[in-house]
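Below is one structure, written out as structure tokens, with a few remarks after it.
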Amino acid sequence: MSKVQEVDAVVVGAGFAGMYMQYRLLDEGLSVQGFETGDNVGGTWYWNRYPGARCDVESMDYSYQFSDDLQQEWEWSERYAPQPEILTYASHVADKFKLRDNIKFNTRVKQALFDETLNKWRVTTDQGDEVIATYCIMATGCLSSTNLPKFDGLDSFEGDWYHTGLWPHAGVDFTGKRVAVVGTGSSAIQSIPVIAEQAGHLTVFQRTANFSIPAHNGPLAPEYIAQVKGNYAQIRAENNDTAVGFGARWASNDDSVFDADEDERKRMFEETWARGGFQFMSAFGDLGLNTDANEIAANFVREKIRGIVKDAKTAELLSPKQVLGCKRLCVDTGYFETFNRDNVELVNVKDHPIERITPKGLVTNGEEHSFDIIVFATGFDAMTGSLLSIDTRGRDGLKLKDKWEAGPRTFLGLQTHGFPNLFTISGPGSPSVLTNMIVSIEQHVNWIARCILYMRMNSKQVIEADLEAENEWVEHTNDLGNGTLYPSCNSWYLGANIPGKPRVFMPYVGGFQVYSQKCEEIANTGYRGFDMR
Ligand code: N01
């Protein structure tokens, strides 16, 4: 494209955030240009095609609520939807709402510059596109910039290697192969049981053991689907009124674990363990806030691991030492059981890190392990990685990279001072990754769409977060994070998985319902904390 194109809005990314943003803006009659690196919609579900990938939030909750027609016609097959089904759903949404025409695929946005003479953004891509837009909306995802640690010698490896977050579309045949998996986060914990079934031999390299709760996945009963669909409006409203945006219909207990006797504790933990998934954390009200309360729940899980894993040494190695839920809780199908297989081995790389990759495999503790395939399940440069991969410059040429040098600074995770008319969907400073992402995405998109409509109706050209409001929000977000147990371990929430990244707890931990109410109040009072001119 050689000609400069002019539109009302550029939307970067065509995952669930980008797609719904497109839908809302097009519906309001704006001209929109979307850009997407992949060759199709789906975002995270487009890239993360590793074996066993599925969503940890239940399918009847992890779906759009903006269209009743959509939520009534779509039929989920399992309690936790597998990645291919979520991708098919994304594709269905794009077709149903005719979103593809405005998205340019196979195109990466390289630069976004605010042109102060025009009060507009100039956005350029790796395909030579140049677009001038009033609004620039980053729907780039919280977990989309993959983290591949800098291992010496990777280029020399003679086998094949993959990152879970950039999985080949054709799939990978592990049959009879000697396979290594590096990492034991959610992606590894989902893929390890499936890879182990195919591989000749699987070696798992673990640096930090992780807590995982069984998913108890299975097909959804038609009666259950009918019951949810018959009450969807109410279920969605109740979910929207929770801290996490899902699961309102399952019982949660606000009582302290210390108010329960031994039998009651055991009963609650067994009940939530049997129910499966994230609900385990709601067995008692103080598991996320009090170290001693947390330790009681953590010991229950460690005991479960010892009960599942036959070899005592392996069980001990798989038992996490950190606070339960401090790193993002994992949800699994047969993860710990996999270590009872004869073809699976666990290697601890905590004390003896991976030294280097060789043509034959990798070296740790002075010993070379040989492989045909290495899978890096080493996570993401979360929340800021993809935003900062675009050269974004606001007023006075201010670079976003420089402004966020000591950690991301936003007002509500929606805007950052110095960057007028730039919006981030589920940005740092919003609840995003601590919630059902689709619920958070819809809330942000609705807020941005309403704001843009307000500006157009009131002849406002520019909106920009006030510095003071932003500073207060950053302080408030930090205070809330520091009041929890999250800072007690190293996690991607804190940027601690990326060497040199500032240690800042990035998401807003005050709860989705509190946050969305604040956003609503701000919109209702003429966008207090934002400068509109
Ligand atoms: O990444 P992670 P992930 N040597 O960062 C290890 C979401 N998600 O892709 O803990 C050895 O959690 C690292 O070790 P350590 C979900 O929010 C959702 O698994 O840093 N090991 C860790 O074990 C999740 O939290 C779903 O010590 C190294 C692992 O790699 C987020 O995505 C499914 C290493 C990385 O774990 C990220 O999950 C999957 C090294 N040099 C993911 N460097 C669903 O909802 C890193 N590691 C289904």
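The values are calculated or read from the model by the stated rules, or taken from the named source; none is laboratory data. Please read these numbers as outputs of a predicted model, since none were measured by experiment. All Cβ positions, glycine included, derive from the backbone under ideal geometry; neighbour counts span all protein chains shown. These accessible areas exclude ligands, DNA and RNA; they are computed on the full protein's heavy atoms, side chains included. Shrake-Rupley method; radii C 1.70, N 1.55, O 1.52, S 1.80 Å.
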Helices (runs of 4 or more DSSP H) fully within region 240-332 counting 2 or more residues that are surrounded by fewer than 16 Cβ atoms within 10 Å (Cβ to Cβ), of a type in the set (Asp, Glu) and in the same structural domain as Glu345 (by TED's automatic domain parsing): 262-275, 291-308
Among the candidates Tyr64, Tyr20, Tyr89, residue that is on the phi < 0 side of the Ramachandran plot, within 16 Å of the ligand (Cβ to nearest atom) and under 22 Å from the mean Cα position of the chain (by Cα): Tyr89
Across region 459-516, what is the number of residues that are farther than 17 Å from Asp381 by Cα, among the small types (Gly, Ala, Ser) and open to solvent by less than 60 Å² (accessible area, probe 1.4 Å)? 7
Pairing a residue in region 168-194 that is within 23 Å of Pro359 (Cα to Cα) and modelled with pLDDT of 95 or more with any residue that is among the hydroxyl-bearing types (Ser, Thr, Tyr) and part of a loop (DSSP other than H, G, I, E, B), where Cβ atoms lie under 7 Å and the two sit 6 or more apart in sequence or on different chains, gives Val182/Thr378; Gly183/Thr378
List, please: which pairs have Cβ atoms under 8 Å, are six or more places apart or on different chains, and start with a residue in region 72-85 that is in the same structural domain as Asn40 (by TED's automatic domain parsing) and end with one that is polar (S, T, N, Q) and surrounded by fewer than 16 Cβ atoms within 10 Å (Cβ to Cβ)? Glu85/Ser77
Do you know which residues across region 162-204 are closer than 15 Å to Arg341 by Cβ, away from the ligand (no atom under 16 Å from the Cβ) and of a type in the set (A, V, I, L, M)? Ala196, Ala199
Having 1 or more residues that are acidic (Asp, Glu) is the bar; report the strands (runs of 3 or more DSSP E) wholly within region 111-206 that clear it. 130-138, 160-163
Only residues in region 133-155 that are within 11 Å of the ligand (Cβ to nearest atom) count as the first member; pair them with residues that are open to solvent by 30 Å² or more (accessible area, probe 1.4 Å) and assigned to a strand (DSSP E or B), Cβ under 8 angstrom, at least 6 apart or cross-chain, and list the lot. Phe151/Arg356
Output the qualifying pairs, or none if there are none: Cβ atoms under 6 angstrom, residues six or more apart or on different chains, first residue in region 218-229 and within 18 Å of Ala274 (Cα to Cα) and part of a helix (DSSP H, G or I), second residue open to solvent by 60 Å² or more (accessible area, probe 1.4 Å) and among the hydroxyl-bearing types (Ser, Thr, Tyr). none
If you go through region 26-47 one residue at a time, do you hit one that is closer than 25 Å to Ala233 by Cβ, open to solvent by less than 20 Å² (accessible area, probe 1.4 Å) and either assigned to a loop (DSSP other than H, G, I, E, B) or touching a strand residue (DSSP E or B) at 6+ places or on another chain (Cβ under 9 Å) (or both)? no
Within the set of pairs 6 or more residues apart or between chains, which connect a residue that is assigned to a loop (DSSP other than H, G, I, E, B) inside region 336-350 to a residue that is of a type in the set (Val, Ile, Thr) and more than 15 Å from the ligand (Cβ to nearest atom) with Cβ atoms less than 7 Å apart? Phe339/Val309; Phe339/Thr314; Asn340/Val309
Filter result (closer than 19 Å to Ile498 by Cα and either under 18 Å from the mean Cα position of the chain (by Cα) or not in a loop (DSSP other than H, G, I, E, B) (or both)) within region 385-428: Gly385, Ser386, Leu387, Leu388, Ser389, Leu400, Lys401, Asp402, Lys403, Pro408, Gly427, Pro428
